[in-house]
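What follows is one structure encoded as structure tokens, with my remarks underneath.
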Amino acid sequence: EPKCEDTFVDSGDPAVPPPPGVPVGTVASTPIDGGFVISGFYFDDGTGPRLCEALAESFPPQCGGASVPFDNTADADVGVLSIEQGVTWSDPPVLGEGEVVDGVFVAGS
């Protein structure tokens, strides 16, 4: 008899539900009209803030995968940020509500 915590390889169900919001990779590759919620890692290495699909496990981390520039003049909540060696990042993904304007995700617009 299976236990509740058992998982089956052939079930097709993900082991962990995906985070809410549109992933950065989708936003970077697909035009989206109007407002939506994006999910990605906040990252700024001094060249400007952006949202990244993943963070490399180096220290400090690097932006991995797709990314989109991030305009947060609306002061959207990006949670607790880590800062080390001139790099700022979020450990968990952040959710931001806004829209893409000229290739930049603008929070709160």
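Remark: the stretch 22-109 carries a charge dipole of roughly 140 debye about the Cα centre, counting +1 on each Lys and Arg Cβ and -1 on each Asp and Glu Cβ.
If you count only protein heavy atoms with a 1.4 Å probe, what accessible area per residue comes out for the stretch 34-105, rounded to a whole Å²? Don't skip to the answer; put the middle values down first.
Values: 3880 Å² over 72 residues.
That works out to 54 Å² for each residue.
Sequentially through the stretch 77-82, phi angles give Karplus couplings (6.51, -1.76, 1.60; θ = phi - 60°) of 6, 9, x, 7, 10, 9 Hz, Gly and Pro residues having no value and appearing as x.
The fraction of accessible area contributed by carbon and sulfur in the stretch 67-109 is 50 percent, rounded to a whole number (1.4 Å probe; ligands and nucleic acids excluded). Note on Leu81: accessible area is roughly 60 Å² with a 1.4 Å probe, heavy atoms of protein only.
The H on the amide N of Asp91, modeled in the peptide plane, is under 5 Å from the matching H of Ser82, each at least 5 residues off or on a different chain. Karplus-derived 3J(HN,Hα) values for the stretch 92-107, using 6.51 cos²θ - 1.76 cosθ + 1.60 with θ = phi - 60°, are x, x, 10, 10, x, 9, x, 8, 8, 10, 6, x, 10, 6, 9, 6 Hz; glycine and proline are entered as x.
The values are calculated or read from the model by the stated rules, or taken from the named source; none is laboratory data. Only a predicted model underlies this, so the values are computations on that prediction, with no experimental measurement involved. Quick reminder, even Gly has a Cβ in these numbers, built from the backbone with ideal geometry, and neighbours come from all protein chains shown. Just so you know, the surface numbers come from the protein's heavy atoms only, side chains and all, with ligands and any DNA or RNA stripped out. Shrake-Rupley method; radii C 1.70, N 1.55, O 1.52, S 1.80 Å.
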